[in-house]
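See structure below.
The values are calculated or read from the model by the stated rules, or taken from the named source; none is laboratory data. The model shown is predicted, which means the values in this text are computed figures rather than measured ones. Cβ sites come from the backbone with ideal geometry, for glycine too, and all protein chains shown count toward neighbours.
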Amino acid sequence: MAEPVHTSSSTQARRVVPTVRTATKRFLAVAVVFACAAFAAIIAVSGDANSSATTPTPLDQISAHGVPAPPGGEVALAKVSRGSAASFVWKGRLAVKEGRAFYRLTKDSGSECFALGEVDAPDLYAAIGCPADFPSAGQPVFDFTLLRRQSFNDPWVWKAAGFAADGVASVALVDAKGRTLATATVTDNTYAFAERSDMPVALLAMDASGKVLARVAIPQPPAGT
C-alpha cells in the first residue's frame, strides 16, 4: 500500500507499511503512539482502484501546494531522519490545523511523501510516509491519527489528522456502534480534529454528496490498559 519512510531506520524505510515515530519529548516514555497509516487497513467502499489508470479523477489528485520551501529547499537531514539514509525536499507546507503542520515532501528517490508535525516541536516532523497508492480511489486518504497518553493513570486520547485527495470533501469519526462522533471539512487536502477521548474506532472519508468513499480503522488502546 505504501513505500514508507520511518524517521529512525533506513531498514524500515523499505517496508511496505507506512510507519510513524514520535518527534517530541514533551510526553513521557510510557506514551504509546500509533499511526493509522501504519497499522490500519483502508477499505475502499466505492470505486475501482484501477479504473483511473488512464483518466485521472479527483481521487487521484492533490491540488494544494501550500507554503513554498524556505531558501535552499532541502529539509535538514538531522531533523528528518536521525541517522536514516533518506533525505527530503520540502515541496510545501499545506496547512496548520489544531497545532499540527502538514507537509508535502519529495524523497531523494523521487517518491512523493507526506509528513505531519507539531507546531514549534523540536523536531520538524512527527511522522513521514511515502504511500505508493495515495491518492487514488483505493486510498483516498492517508491517515496519521495518533493514540497516546501522558502517564499510565491518564486517559488515552486520539489526535486524528491526515491528508485527503481532491475528491474527499469531509471526514467523520465514528464509534463502535456506527454513530458519528465528529466531522471535519477537508481543506487544502488536509483534515484535523481536536484531541478526543470518546473511543472513535474508524474514520470515514466522504465526497461532497456525503457518499462514503473509504473507511479507515483507528488504533485502539492495548488490552488491559
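Check off (1) closer than 23 Å to Q61 by Cβ; (2) at pLDDT 90 or above; (3) touching a Leu at 6+ places or on another chain (Cβ under 7 Å) for F134 and give me the number that stays unchecked.
Evaluating F134 over (1) closer than 23 Å to Q61 by Cβ; (2) at pLDDT 90 or above; (3) touching a Leu at 6+ places or on another chain (Cβ under 7 Å) leaves (3) as the failure.
Among the residues of segment 91-102, which ones are free of Cβ contacts under 8 Å to residues at least 24 places away in the same chain and in a strand (DSSP E or B)?
Once the filter is applied, which keeps residues that are free of Cβ contacts under 8 Å to residues at least 24 places away in the same chain and in a strand (DSSP E or B), segment 91-102 yields V96, A101.
Return the only residue of G83, G99 being at positive phi and modelled with pLDDT under 75.
Sole residue among the options that is at positive phi and modelled with pLDDT under 75: G83.
State whether one or more residues within segment 138-148 are modelled with pLDDT under 95 and of a type in the set (V, I, T).
Looking for residues that are modelled with pLDDT under 95 and of a type in the set (V, I, T), one finds at least one in segment 138-148, hence yes.
Considering only residues of segment 204-225 that are aliphatic (A, V, I, L, M), touching a residue at least 24 places away in the same chain (Cβ under 8 Å) and outside any strand (DSSP E or B), which is surrounded by the most Cβ atoms within 10 Å (Cβ to Cβ)?
Ranking the qualifying residues of segment 204-225, first place goes to I218.
Filter the strands (runs of 3 or more DSSP E) completely within segment 112-203 down to those with at least 3 residues that are under 26 Å from V89 (Cα atoms).
112-118, 127-129, 141-143, 161-164, 190-192
Can you go through A164, A172, A160, A176 and tell me which one is free of Cβ contacts under 8 Å to residues at least 40 places away in the same chain, surrounded by 14 or more Cβ atoms within 10 Å (Cβ to Cβ) and out of contact with any Gly (no Cβ under 8 Å at 6 or more places or on another chain)?
A172
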